[in-house]
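> Below: one structure in structure tokens.
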Amino acid sequence: LIESMNDHRLILFVGSAISKFLPTNFPPGGTIANAVKHELQSLDCLQRYDNQNYLKRIWGDVSFEGLLDLPDDKKKVLQLIYRLLGSNCQPNSIHFFIAELLDKNKISAIITPNYDIAIEKAYDDHTNGKKLPIIYQKNQYENIARKENGKQNIYNSPSRLLFKIHGSIDAPPEEIIYSLSQEGQGLPSWKKKLLKKLLTSKEILFLGYSGYDFDICPWLFREADIPINKIYWSVDDEKKLSPEAKGLLKKYRSELLHGDMRILFSNLCVDERLKSDINYSYYPPKDPKDENINQWKLVEDAFGEIFNDEVENQIWLIKALNKMGVGRDAMQQCISLLNREKTRKDENRLSIIEREMGEALFHP
């Protein structure tokens, strides 16, 4: 791994788990999804979901993207994302160490589905304002490619490039990919082309990423024909990796790095082969109990502020039950809610509830 860095062959692919540590303290996608499921479950008209342990038994496999695809008001979904991942962004030690590696040309590019700007801020702070080339939309990709035309190829040299494949919190809202319907369309051709250029003949370190998305990891595993030299995958629990991630590890020469990712970087920092170049002092892992400030509560508080319409949330619950194929439960929820809403005579909501009742009939 160190030799790969010294030879400029290493690409970092980082997921949301790198931002869960203090002081950043951003909840990963799984935490957001589980907290939202819990809030929706508490709205059960019949008040029996807790007793049947639905959160574990039925909701367990509902993805972050699938859950956020269901509300009709997408503006509120984006507000939730901005609230949780955009406010008061403070980089943690991992972000600063990545910034150090970028600045020293030890990694040639970073690819991430993360929306937050912690890496950019760490790089800005570390380099006293040096600009980091960032790509999250097609015109940025075309501009960089145009500037490099006829010069040394930016993709085959240390480029300090950050490819935010699902958009950025400071990007226009339409550039942020957060739902199942968006990811289900697959990667646009320009993103596939850029991934191929960045990954060809390189070695990849996956960090804080489980592979549970519906466009990147499945494409890399099933469709992409990229001559990747080797994959390193840092995991604290191999069971948390997606089937596609496990498939990637079999598809290429690979090595699993088990344990806390902070220990990995601590070891890299003190290794003599990097010590002369890397001056960043990395703190040792702390007690896991001190790793975050109740991220679950952060999601609950944000959810309560933004999704404060109980009927709207009840419809969200019904849609989720229908998508999971438990139509009988969805129907019971619909009947209870329909009886309450008839007195309000909100034709739009009555129409939505009746439509979901029809959906429930197909999944008895």
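> Go through Ile278, Ile263 for me and flag whichever is at pLDDT below 95, of a type in the set (A, V, I, L, M, F, W, C) and surrounded by fewer than 17 Cβ atoms within 10 Å (Cβ to Cβ). Explain how you work it out, then say what you get.
Working: Ile278 fails: surrounded by fewer than 17 Cβ atoms within 10 Å (Cβ to Cβ).
Of the residues listed, the single one that is at pLDDT below 95, of a type in the set (A, V, I, L, M, F, W, C) and surrounded by fewer than 17 Cβ atoms within 10 Å (Cβ to Cβ) is Ile263.
> In this structure, does Asp116 turn out to be open to solvent by 30 Å² or more (accessible area, probe 1.4 Å) and part of a loop (DSSP other than H, G, I, E, B)? Even if it seems obvious, please write down each step before you answer.
Working: open to solvent by 30 Å² or more (accessible area, probe 1.4 Å): no; part of a loop (DSSP other than H, G, I, E, B): yes.
Considered against the rule, which asks whether it is open to solvent by 30 Å² or more (accessible area, probe 1.4 Å) and part of a loop (DSSP other than H, G, I, E, B), Asp116 comes out as no.
> On to the next question. Examine the range 92-100 for a residue that is open to solvent by 40 Å² or more (accessible area, probe 1.4 Å), in contact (Cβ under 8 Å) with a residue 12 or more places away in the chain and farther than 14 Å from Ile18 by Cα, and state whether such a residue exists.
To start, the set of residues in the range 92-100 that are open to solvent by 40 Å² or more (accessible area, probe 1.4 Å) comprises 96.
Restricting the remaining residues to those that are in contact (Cβ under 8 Å) with a residue 12 or more places away in the chain gives 96.
Applying the additional criterion that residues be farther than 14 Å from Ile18 by Cα yields none.
Checked the range 92-100: no residue is open to solvent by 40 Å² or more (accessible area, probe 1.4 Å), in contact (Cβ under 8 Å) with a residue 12 or more places away in the chain and farther than 14 Å from Ile18 by Cα.
> Then there is this: Can you run down the residue pairs with Cβ atoms below 7 Å, 6 or more apart or on separate chains, where the first is in the range 12-41 and open to solvent by 20 Å² or more (accessible area, probe 1.4 Å) and the partner is among the β-branched types (Val, Ile, Thr)?
These pairs meet every condition: Thr31/Val299.
> Additional query: Of all residues in the range 290-325, which are open to solvent by less than 40 Å² (accessible area, probe 1.4 Å), aromatic (Phe, Trp, Tyr) and more than 25 Å from Met357 (Cβ to Cβ)?
Here is the first cut: in the range 290-325, the ones open to solvent by less than 40 Å² (accessible area, probe 1.4 Å) are 291, 295, 299, 302-303, 306-307, 311, 313-322, 325.
Among the residues that remain, those that are also aromatic (Phe, Trp, Tyr) are: 303, 307, 316.
Phe303, the sole residue that qualifies.
> Separate question: So Gly211 fits all but one of (1) in contact with a Leu (Cβ under 9 Å, 6 or more places away or on another chain); (2) in a loop (DSSP other than H, G, I, E, B); (3) open to solvent by 20 Å² or more (accessible area, probe 1.4 Å); what number is the exception?
Of (1) in contact with a Leu (Cβ under 9 Å, 6 or more places away or on another chain); (2) in a loop (DSSP other than H, G, I, E, B); (3) open to solvent by 20 Å² or more (accessible area, probe 1.4 Å), only one is false for Gly211: (3).
> Going residue by residue through the range 164-176, is there one that turns out to be at pLDDT 95 or above and not in a loop (DSSP other than H, G, I, E, B)?
Yes, the range 164-176 contains a residue that is at pLDDT 95 or above and not in a loop (DSSP other than H, G, I, E, B).
> Of the numbered conditions (1) out of contact with any Asp or Glu (no Cβ under 8 Å at 6 or more places or on another chain); (2) at pLDDT below 95; (3) open to solvent by less than 30 Å² (accessible area, probe 1.4 Å); (4) among the aliphatic types (A, V, I, L, M), Ile226 fails exactly one; give the number of that condition.
Just one mismatch for Ile226, condition (2).
> Restricting to the range 224-256, and then to whatever is of a type in the set (Asp, Glu) and free of Cβ contacts under 8 Å to residues at least 24 places away in the same chain, can you tell me which residue is farthest from Lys197 (Cα to Cα)?
Looking only at the range 224-256, we keep the residues that are of a type in the set (Asp, Glu), and these are 225, 236-238, 244, 255.
Pick out the ones that are also free of Cβ contacts under 8 Å to residues at least 24 places away in the same chain and you get 225, 237-238.
Values: Asp225: 12, Asp237: 30, Glu238: 28 Å.
The residue in question is Asp237.
The values are calculated or read from the model by the stated rules, or taken from the named source; none is laboratory data. Just so it is clear, the model here is predicted, and its values are computed rather than measured. As a convention, Cβ positions derive from the backbone with ideal geometry for all residues, glycine included, and neighbour counts pool all protein chains shown. Please note that ligands, DNA and RNA were not included when accessible areas were found on the heavy atoms of the full protein model with its side chains. Shrake-Rupley method; radii C 1.70, N 1.55, O 1.52, S 1.80 Å.
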